[in-house]
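Below you'll find the structure, written out as structure tokens, and then a few comments.
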Amino acid sequence: MVDSSYKIPSNTVSYQDIIKRSRFIAHIAHTPDVDAARKYVSQIKEKYSDAGHNCWAYVAGKPDDSQVLGFSDDGEPNGTAGKPMLNVLMGSGLGEITAVVTRYFGGTKLGTGGLVRAYGGTVAKALDELETGEKIPEVLVTGKSEYSHQSLIERILKSYNILHINKEFTVDIHWTLIMDGREAPRAISEITDMTSGRVTFKTEDD
């Protein structure tokens, strides 16, 4: 089963706000997996090591995958920072995204409700400045053909979103493609039909 596409960050943004004299600095970046998310959090925490708090949240994969969610209040009262930030990220529908909000305390306590609004709101405002792109569901397709079919196959493939192609020339041509998984069944069917079944391509799941 091919995954559907989803939106991901295509740039890194930062946003700063002053709320009751406390300075909140949000950083948002594209992080394709949990390791990348944790690395980004560490980078921001190191950069702002003198801050009172570096709270964070991530959706380090598909937006609907609960296995790739994470958050931390980093010393703020429980539930007032990381979870509100995560809620904003999840509400955006974006995947592969990490947000870190750094706080420099300004001397005035905000209360739990104020903290929730400050952390969640800072992330929301940063998201307004974020550019996004589409995450294409990739699939590996392999096949073997005679040399006489090479031109025909290449002409067919030009109509599809091929992300990578490799051809190994031996007695036959061995094809390895990485392509948009949503298009793979149609491409495979077209190659099979146009070669009268003499060439068969398949996905890694077949």
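The values are calculated or read from the model by the stated rules, or taken from the named source; none is laboratory data. Here the structure is a predicted model, which is why all the values come from computation and not from measurement. Using ideal geometry, Cβ is built from the backbone for each residue, glycine included, and neighbour counts are taken over all protein chains shown.
Selection within region 9-50: residues that are surrounded by 15 or more Cβ atoms within 10 Å (Cβ to Cβ), of a type in the set (Gly, Ala, Ser) and at pLDDT 95 or above. The member of this set that is nearest to residue 118 (Cα to Cα) is 26. Output the residue which, of all residues in region 67-104 that are touching a residue at least 40 places away in the same chain (Cβ under 8 Å) and of a type in the set (Val, Ile, Thr), is surrounded by the most Cβ atoms within 10 Å (Cβ to Cβ). Out of the qualifying residues, it is 101.
Which of the residues belonging to region 117-151 are part of a helix (DSSP H, G or I) and over 21 Å from residue 194 (Cα atoms)? 117, 118, 119, 120, 121, 122, 123, 124, 125, 126, 127, 128 - these are the residues of region 117-151 that are part of a helix (DSSP H, G or I) and over 21 Å from residue 194 (Cα atoms). Is it true that residue 57 is crowded, with 22+ Cβ neighbours inside 10 Å, under 17 Å from residue 131 (Cα atoms) and not acidic (Asp, Glu)? For residue 57, the condition - crowded, with 22+ Cβ neighbours inside 10 Å, under 17 Å from residue 131 (Cα atoms) and not acidic (Asp, Glu) - is not met.
Show the residue pairs meeting these rules: Cβ distance below 6 Å; 6+ apart or different chains; first residue within region 175-192 and farther than 14 Å from residue 143 by Cβ and free of Cβ contacts under 8 Å to residues at least 24 places away in the same chain; second residue of a type in the set (Ser, Thr, Tyr) and part of a loop (DSSP other than H, G, I, E, B). If the second residue must be of a type in the set (Ser, Thr, Tyr) and part of a loop (DSSP other than H, G, I, E, B), the pairs left are 183/160. Filtering region 148-206 to residues that are loosely packed, with under 13 Cβ neighbours inside 10 Å, hydrophobic (A, V, I, L, M, F, W, C) and farther than 26 Å from residue 135 by Cα leaves 169, 171.
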